[in-house]
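*Asks:* For reference, the structure I am asking about is given below.
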Amino acid sequence: ADLRDAKLSEANLRGANLHEADLRRSRLSGAKLRRAKLRSANLSGADLSEADLSGANLSGAKYDTLTKWPDGFDKSQLR
């Protein structure tokens with residue numbers, strides 16, 4: 001899915017299948033991404049601050065120095 005620059009702040013995306021989605025520069029702050037499938041998604045420049053990533057599958061996701069993560073997020077989940 002091509003979701004570049006999407007405005008998805010506070011969106012309920014629980015369990016969504018976003019495998020290999022292009023989420024570059026998307027606004028996902030405060031989004032509910034619990035158990036979402038984000039394998040190999042491109043999160044470069046995305047704002048995930050305050051997002052709920054509990055149980056989300058982020059293996060192989062791409063990100064860069066502009067990607068904003070929730071406080072305390074452990075990037076080891078990206079492996």
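The values are calculated or read from the model by the stated rules, or taken from the named source; none is laboratory data. Keep in mind the model is a prediction, meaning the values are calculated, not measured. Note: ideal-geometry Cβ built from the backbone for every residue, glycine included; neighbour counts use all protein chains shown. Heavy atoms of the whole protein, side chains included, go into the accessibility calculation; ligands, DNA and RNA do not. Shrake-Rupley method; radii C 1.70, N 1.55, O 1.52, S 1.80 Å.
*Asks:* If I go through region 37-61 residue by residue, how many of them are open to solvent by 30 Å² or more (accessible area, probe 1.4 Å) and either free of Cβ contacts under 8 Å to residues at least 12 places away in the same chain or under 13 Å from ASP22 (Cβ atoms) (or both)?
*Replies:* Result for region 37-61: 2.
*Asks:* Within region 29-53, work out how many residues are assigned to a loop (DSSP other than H, G, I, E, B) and touching a Lys or Arg at 6+ places or on another chain (Cβ under 9 Å).
*Replies:* Number of matching residues: 15.
*Asks:* Continuing with this model, one more query. LEU78 passes all but one of (1) modelled with pLDDT of 95 or more; (2) farther than 19 Å from LYS7 by Cβ; (3) under 12 Å from the mean Cα position of the chain (by Cα); which number fails?
*Replies:* Against the list (1) modelled with pLDDT of 95 or more; (2) farther than 19 Å from LYS7 by Cβ; (3) under 12 Å from the mean Cα position of the chain (by Cα), LEU78 comes up short only on (1).
*Asks:* If you check ASP64 against the conditions, is it touching a residue at least 12 places away in the same chain (Cβ under 8 Å) and over 10 Å from the mean Cα position of the chain (by Cα)?
*Replies:* yes
Listed here are the residues, each with its yes/no results for (1) of a type in the set (Asp, Glu); (2) closer than 21 Å to SER76 by Cβ.
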| position | (1), (2) |
| --- | --- |
| ALA1 | no, no |
| ARG4 | no, no |
| LEU13 | no, no |
| ALA16 | no, no |
| ALA36 | no, yes |
| ASN42 | no, yes |
| GLU50 | yes, yes |
| SER54 | no, yes |
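*Asks:* Scan region 14-22 and tell me whether some residue there is touching a strand residue (DSSP E or B) at 6+ places or on another chain (Cβ under 9 Å), of a type outside the set (A, V, I, L, M) and under 11 Å from ASP52 (Cβ atoms).
*Replies:* Checking region 14-22: at least one residue is touching a strand residue (DSSP E or B) at 6+ places or on another chain (Cβ under 9 Å), of a type outside the set (A, V, I, L, M) and under 11 Å from ASP52 (Cβ atoms).
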